[in-house]
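Taking it in order: structure first as structure tokens, then the write-up.
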Amino acid sequence: MCMVIFAPLFAIFAFATCGGYSGGLRLSVDCVNKTESNLSIDIAFAYPFRLHQVTFEVPTCEGKERQKLALIGDSSSSAEFFVTVAVFAFLYSLAATVVYIFFQNKYRENNRGPLIDFVVTVVFSFLWLVGSSAWAKGLSDVKVATDPQEVLLLMSACKQPSNKCMAVHSPVMSSLNTSVLSEIQSGKTLKKGKRIASLIL
């Protein structure tokens, strides 16, 4: 029963750390002609990680001309699926907890309740597995696409040895890493908790 109660907490943690994420990186382009330099290029991105829509401008170090670029990739489908599964798992866990606590007699009247509970649990366990796997791959793509060194390779000015291009700071991904671990743990907790609760009741 405790595991069933803790499952919603893991689910909240999973979708909150992903759905509420916003991050960014800062780059520096130091041209030979200092007046053309930009030492503070900020690039912000957030959930649902449609990175190809994140555009920014950088100096070309060739006069006042500027180059408009965009990050590479789109991880929105895996991120949105991840959050959707987490939300519905949270709601179902709450509903199941209410049934276990306040409607035990009706739950034990026949085998229909436990059977439905078992089927739904199996479905959610499968969705947790798929969601966590898909988001783990999506997160890996996000990390590559927002790696400052990878972004610098997109800039024409950085291909000239005379110009100095640097990463001022990288995006912090710790909460996104936690979201994947939280979803895996939530799936395990949901599955084990329902199994134990069914045996007890």
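Details
- Residues in the stretch 121-158 that are in a helix (DSSP H, G or I) and in contact with a Cys (Cβ under 9 Å, 6 or more places away or on another chain): 5 in all.
- Residue-level analysis places Pro48 among those that are more than 30 Å from Ser162 (Cβ to Cβ), modelled with pLDDT of 90 or more and not hydroxyl-bearing (Ser, Thr, Tyr).
- Residue count for the stretch 130-162, restricted to those that are open to solvent by 10 Å² or more (accessible area, probe 1.4 Å) and of a type in the set (Phe, Trp, Tyr): 0.
The values are calculated or read from the model by the stated rules, or taken from the named source; none is laboratory data. Given the structure is predicted, the values throughout are model-derived calculations rather than measurements. Cβ atoms come from the backbone with ideal geometry, glycine included; neighbour counts cover every protein chain shown. In case anyone asks, the SASA skips ligands and DNA or RNA and just uses the protein heavy atoms, side chains included. Shrake-Rupley method; radii C 1.70, N 1.55, O 1.52, S 1.80 Å.
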